[in-house]
Amino acid sequence: MFKAASKDRISAALHRIADDIGAARISPKEATLRLHRVKMALSQTAEQALEAMGPIQADSREEVMKGFKSANPDLTDKQLEEIADQWEKNKDVVKDKTAGFSTSLGEVIESKRWTHKETGATASLYGAVPWSGAKGDTKADWKLDVVGYTIQWADGKIGMGRQPFKTEKEAEDFLKKETERRGKKA
């Protein structure tokens, strides 16, 4: 049996997830991926570890081992090898279970931003909250708007350093082309 990650590590990870959900900094998909990483850190057998990956994908043994080592630094090299062996035996089954419109690179998600109801000022979802708490600048003075579509990459990062796509189809077409360009499996 593997040693699960420390209670402090798990508690801190769960608090970060809860804080990011509460501040609308992460999507439900990202929250799910992060929770799977917590499950990975709690795994005590190679079978549990593989099951805990859920929708998290990897393209190599090295990626699997690196991901589990970051989730639970207490795992030994031998335990990481055991998890990677289990992944290799089952990788095609795992990928089939998670198929949908996404590629090994990422998936299309709504792009959202904060908009001040009176001034029209905008702010990113992924930084500090835009309201100061002063009169006329409280959370109630801001609304969350969907402004298009972007990509949530397989590593959890969101966006492309450009304005979002106007339609979901444009974003899907971009992701398909980018997947083909990089030679990844769609």
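Pairs of Cα atoms under 8 Å, at least six residues apart: use those to get the relative contact order of the chain, whole percent.
Over the chain, the number comes to 19 percent.
Please quote Rg/Rh for segment 7-97 to two decimal places, taking the Kirkwood radius as Rh and restricting both calculations to Cα atoms. Don't jump to the answer; show the numbers that get you there.
Numbers: Rg = 13.4 Å, Rh = 13.5 Å.
Across segment 7-97, the Cα-based Rg/Rh ratio is 0.99.
Taking θ = phi - 60°, what integer Hz values does the Karplus form 6.51 cos²θ - 1.76 cosθ + 1.60 yield along segment 164-179, in sequence order, with x for Gly and Pro?
x, 6, 6, 10, 5, 4, 4, 5, 4, 4, 4, 5, 4, 5, 5, 5
Rounded to the nearest 20 debye, what is the charge dipole size of segment 106-182 about its Cα centre when +1 sits on each Lys and Arg Cβ and -1 on each Asp and Glu Cβ?
Values: 14 positive and 13 negative charges, 30 e Å.
Result for segment 106-182 is approximately 140 debye, rounded to the nearest 20.
Tell me the angle of helix 28-42 to the major Cα principal axis of the chain, expressed in degrees between 0 and 90 and rounded to the nearest ten.
Once rounded, the angle reads 30 degrees.
With Kirkwood radius over Cα pairs in Å as the read-out, I listed (i) 17.1; (ii) 16.7; (iii) 18.4; which label goes with the value calculated from this structure?
Here the calculated entry is (iii).
Under 16 Å from the Cα of Lys89, which aspartates and glutamates turn up, not counting those fewer than eight places away in the same chain?
Glu47, Glu51, Asp59, Glu62, Glu63, Glu81
Grab the beta carbon distance between Asp19 and Glu63, set R0 = 22 Å, and tell me the FRET efficiency rounded to 0.05. Kindly include the intermediate steps, with their values, before the conclusion.
Numbers: r = 27 Å, r/R0 = 1.24.
Efficiency for this residue pair is about 0.20.
Quick one: which residues, 5 or more positions from Lys112 or on another chain, have an amide H under 5 Å from its amide H? H modelled 1.01 Å from N in the peptide plane, none for Pro or chain starts.
Val147
What angle do you read, to the nearest 10 degrees and between 0 and 90, between the alpha-carbon axis of helix 7-22 and the longest principal axis of the chain?
Compared with the principal axis, the helix lies near 30 degrees.
Calculate the FRET efficiency for Lys117 and Glu170 from the Cβ-Cβ distance with a Förster distance of 35 Å, rounded to the nearest 0.05. Please report the intermediate quantities before stating the final value.
Values: r = 28 Å, r/R0 = 0.81.
Given R0 = 35 Å and the Cβ-Cβ separation, E is 0.80.
Percent relative contact order of segment 106-182, based on C-alpha pairs within less than 8 angstrom and at least six residues apart?
Details: 109 pairs, mean separation 26.5, N = 77.
Reported relative contact order: 34 percent.
Taking the alpha-carbon distance from Lys117 and a cut-off under 17 Å, which aspartates and glutamates remain once sequence neighbours fewer than 8 residues away in the same chain are dropped?
Those aspartates and glutamates meeting the cut-off are Asp137, Asp141, Asp145.
Give Lys29/Lys166; Lys39/Lys66; Lys7/Lys66; Lys29/Lys177; Lys143/Lys177; Lys39/Lys69 a once-over and call out the pairs whose C-alpha atoms are over 24 Å from each other. Can you show the working numbers first?
Values: Lys29/Lys166 21 Å; Lys39/Lys66 15 Å; Lys7/Lys66 21 Å; Lys29/Lys177 22 Å; Lys143/Lys177 33 Å; Lys39/Lys69 13 Å.
Table pairs above 24 Å Cα-Cα are Lys143/Lys177.
Reachable aspartates and glutamates from Lys135, Cα under 19 Å, same-chain residues fewer than 8 places away excluded?
In chain and number order, the partners are Glu118.
Order these by the 10 Å Cβ neighbour count, fewest first: Met53, Met65.
Values: Met53 25, Met65 19.
Ascending Cβ contact count within 10 Å gives the list Met65, Met53.
Using only Cα atoms and rounding to the nearest 10 degrees, what angle (0 to 90) does helix 77-97 make with the longest principal axis of the chain?
That helix lies at roughly 60 degrees to the long axis.
Laboratory data are not the source of any read-out in this text; all were calculated from the coordinates shown. This structure is a prediction, so every number in the text was calculated from the model and none was measured. Cβ: placed from backbone, ideal geometry, glycine included. Neighbour counts: every protein chain shown.
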